[in-house]
Amino acid sequence: MKKIKLWLIFFIVFTNTVAANTSDFITIYNRMYNEYLSNPSASSVETILKKMTSDGSFDGIDYKTKDDSPRSHPIMLATLAAAYKNPQNKYFSNPDVKAKYLLGLKFWIETNQSPSNWWFRYIAYPKEVTKSVILMRDELKADKILFDNTIKYLRWSYENANAERMTGANGCDIIMGAMAASVMTENKEQMLDYKAKMTNLLSMHKQEGIEADYMYGQHSGNGRQLYLGNYGKEYINSALYYLEFCNNTAYNSPGISLLEDFYIKGIQWIFFSKNYDPNQAGRFNSSDKYCAQFESMTKRFLNLNTPRKAEIKKVYDRIKGENSLSGNRMFWRFDYMINRRENYMSSTRMSSTRTVGAEAGNGDGEYNYYSGNGTNYIFVTGKEYNGQYFKVFNNRQFPGITAEQDIAPLPIPNWGENAGNGNSYAGGVSDNTYGACGMILERHGITAHKSWFYFDDEFVCLGAGINQTNGKAPVYTTLNQCNSSGKAQYSVKGEIADLNTSTTIIDPDWILNGNIGYFNLEPNSNYILANDSNLFSANINHGINPANKSYAYLVKPSLQSSKEAAKYSKKIPVSVLSNNEQIQAIRHQNLNIVEIMFYQPGTLKISEGESITVDKPCALIWKEKTNEISVANPYCESENPKEINVNVSKHHKISQMTFQMPTGVNTGSSVTQKITGLK
């Protein structure tokens with residue numbers, strides 16, 4: 001009797017499990033079907049039918065080429081499948097469309113196109129084929145050989161992809177290209193394998209994917225590379241499709257919680273007024289190309305009703321152009337800082353022996369060589385770098401960089417090669433409201449110590465130790481190069497003039513363009529300014545083969561007029577405490593904040609009886625009002641001290657502080673402590 005009861009229990013459990021798994025497959029299939037079903041125009045269907053030849057190929061496609069042109073074949077098959085399956089379409093259940101579709105699919109599967117770029121066979125082609133075979137599943141099953149061959153075709157890339165290809169966006173895409181095969185065959189084992197792989201991809205990674213600082217990197221073989229604007233977009237898109245299709249089934253991934261953190265702690269920081277930081281675009285230089293896709297993806301994410309939906313809604317609003325996000329973030333894994341207030345956003349992209357600037361590849365981004373030299377984009381309207389900017393800009397004058405202005409061909413940083421920096425010092429400190437960052441530039445024959453100090457209404461840029469010995473042309477530091485906003489002005493010794501062409505001026509008081517003011521803080525600086533119908537540019541000329549040159553300027557966004565600029569220049573609220581190869585430091589008098597880049601152990605004298613001493617190189621913020629000090633290690637994992645000792649001297653009292661520094665992937669992140677013993 002007991003044996004019978006046990007058998008019954010096993011039977012019931014087994015039956016329910018099978019039913020549940022079958023139900024999950026039906027759910028996932030129906031979601032995919034509904035996603036891929038469209039209603040193409042009759043004319044588009046008729047054009048495709050006319051192009052098809054008797055063997056299933058299409059006229060006008062060179063199937064022997066090694067480029068991507070054959071990709072249009074599976075795209076046209078998807079159009080035929082959608083027309084055949086959509087009851088509202090003229091060609092719904094049309095036998096000729098069905099026959100042509102099956103013929104075209106058979107040709108494609110049997111010829112198995114293999115272009116020179118691996119990406120098409122592993123990713124693009126399976127994802128395109130998926131769209132039509134999901135729709136035509138029942139028709140395909142009538143031809144067992146074609147059905148089985150199609151399943152093998154879709155699974156091929158997943159089964160043959162090496163570990164390097166199964167990372168980040170590529171890994172997510174390969175899963176989405178193969179998953180239809182497993183759904184149509186109701187293969188539980190394969191689906192559980194996808195779940196495990198997707199969960200791994202929706203985890204923090206080194207080099208490829210979401211990093212510990214919640215920023216995204218891809219193509220990082222030559223150094224960690226920012227790539228949220230393109231590969232990050234693809235990663236999110238495919239991950240979302242997986243989560244949408246598998247939601248509330250046995251095959252869903254718990255990695256959705258990391259995706260929420262990614263949106264909140266990373267993604268929203270790069271958008272301002274419907275544009276994004278071009279540092280994120282990789283070889284696809286742009287500030288607005290993919291904004292619509294990010295908006296669409298985030299709306300899909302909202303529809304998943306995740307636990308932090310209210311916060312994701314705020315991110316969605318900010319991607320659409322709402323600018324209330326305010327604060328400072330140091331993304332230490334990428335030598336990258338963003339400072340933003342409601343009226344502006346600014347970013348600093350440094351590079352080191354660990355990281356690279358924007359890459360080139362496949363003919364894109366071939367002018368990106370200098371993009372890692374300390375690029376400093378500034379957004380007020382959001383239109384500063386969009387439109388035709390990257391087609392007309394001077395690639396030796398990325399905003400913020402220091403570079404020689406020669407005309408010799410520059411190295412092309414294909415896939416990030418030669419896109420890094422010769423020194424490992426690059427990083428910064430942030431208390432989430434304010435931040436300071438800096439780098440030692442050693443690149444293309446130029447050395448320089450460059451730093452940026454971020455406050456509320458302004459930020460300061462310092463340069464020291466600018467040297468070159470075998471140069472052929474002047475070395476410039478570019479304050480900004482951006483789309484012209486029309487009117488530009490400058491002031492020298494209180495005399496205001498319009499800037500309508502190119503001019504050289506010594507020691508300007510300020511320069512104003514597009515509601516952004518630039519205030520000179522370095523005596524005897526030689527500025528070269530230009531403004532035409534396309535671009536505004538402001539550069540400091542350090543001369544040919546500069547020896548220990550320096551610069552100092554303040555940027556104040558959201559100035560409304562020359563009158564306002566003139567008024568501000570008389571009461572600039574910051575002072576340069578030090579600007580040399582040992583220490584670069586700024587004090588903001590109104591905020592009572594000192595920000596310092598220590599390039600070596602040493603002491604900074606702030607005022608009589610007030611100083612800070614550190615025993616190791618570091619970035620430091622001292623908020624005097626709250627008696628807080630924040631410290632970070634700009635060498636990150638390149639040189640990783642367990643602790644940094646800081647002595648603060650004030651009013652003849654000394655506070656000795658020891659900061660235990662983060663380790664592992666958090667090396668380079670900031671630590672904050674209260675000062676004790678000082679009042």
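The values are calculated or read from the model by the stated rules, or taken from the named source; none is laboratory data. These numbers come from a predicted model, not from an experiment. Here Cβ is always computed from backbone atoms with ideal geometry, including for glycine, and neighbour counts include all displayed protein chains. Accessible surface is based on the protein model in full, side chains and every heavy atom, while ligands, DNA and RNA are left aside. Shrake-Rupley method; radii C 1.70, N 1.55, O 1.52, S 1.80 Å.
Structural remarks
- Of all residues in the stretch 382-389, one or more are basic (Lys, Arg) and under 22 Å from the mean Cα position of the chain (by Cα).
- Residue ID - surrounded by the fewest Cβ atoms within 10 Å (Cβ to Cβ), chosen from residues in the stretch 557-580 that are out of contact with any Ser or Thr (no Cβ under 7 Å at 6 or more places or on another chain), in a strand (DSSP E or B) and not hydrophobic (A, V, I, L, M, F, W, C): 575
- Some residue of the stretch 497-511 being open to solvent by less than 10 Å² (accessible area, probe 1.4 Å), part of a loop (DSSP other than H, G, I, E, B) and under 23 Å from residue 390 (Cα atoms): yes
- Residues that are at positive phi and of a type in the set (D, E, K, R) within the stretch 648-663 are absent altogether.
- Candidate set: the stretch 280-295, residues that are assigned to a helix (DSSP H, G or I) and open to solvent by 20 Å² or more (accessible area, probe 1.4 Å); chosen: the one farthest from residue 202 (Cα to Cα): 292
- Answer residue from the stretch 416-442, given it is open to solvent by 10 Å² or more (accessible area, probe 1.4 Å) and in a strand (DSSP E or B) and is farthest from residue 632 (Cα to Cα) among those: 442
- Only one of the numbered conditions (1) open to solvent by less than 30 Å² (accessible area, probe 1.4 Å); (2) touching a strand residue (DSSP E or B) at 6+ places or on another chain (Cβ under 6 Å); (3) touching a residue at least 40 places away in the same chain (Cβ under 8 Å) is violated by residue 541, and that is (1).
- Scanning the stretch 18-75 for residues that are closer than 16 Å to residue 103 by Cα, among the charged types (D, E, K, R) and in contact (Cβ under 8 Å) with a residue 24 or more places away in the chain yields a count of 2.
- Any hit, the stretch 628-635, residues being assigned to a strand (DSSP E or B), over 13 Å from residue 659 (Cα atoms) and either of a type in the set (Phe, Trp, Tyr) or modelled with pLDDT of 95 or more (or both): no
- Some residue of the stretch 302-309 being open to solvent by 20 Å² or more (accessible area, probe 1.4 Å), closer than 24 Å to residue 338 by Cα and free of Cβ contacts under 8 Å to residues at least 40 places away in the same chain: no
- Flag if residue 98 is charged (D, E, K, R), out of contact with any Pro (no Cβ under 9 Å at 6 or more places or on another chain), modelled with pLDDT of 95 or more and surrounded by 13 or more Cβ atoms within 10 Å (Cβ to Cβ): yes
- Any chance residue 595 is buried (at least 20 other Cβ atoms within 10 Å of the Cβ) and under 22 Å from residue 458 (Cβ atoms): yes
- Only one entry of 188, 206, 195 meets the criterion of being more than 22 Å from residue 347 (Cβ to Cβ), out of contact with any Phe, Trp or Tyr (no Cβ under 9 Å at 6 or more places or on another chain) and open to solvent by 10 Å² or more (accessible area, probe 1.4 Å), and that entry is 206.
- Residue in the stretch 229-239 that is touching a helix residue (DSSP H, G or I) at 6+ places or on another chain (Cβ under 6 Å), among the hydrophobic types (A, V, I, L, M, F, W, C) and either part of a strand (DSSP E or B) or open to solvent by less than 10 Å² (accessible area, probe 1.4 Å) (or both) present: yes
- Residue ID - nearest to residue 593 (Cα to Cα), chosen from residues in the stretch 621-662 that are buried (at least 22 other Cβ atoms within 10 Å of the Cβ) and among the aliphatic types (A, V, I, L, M): 621
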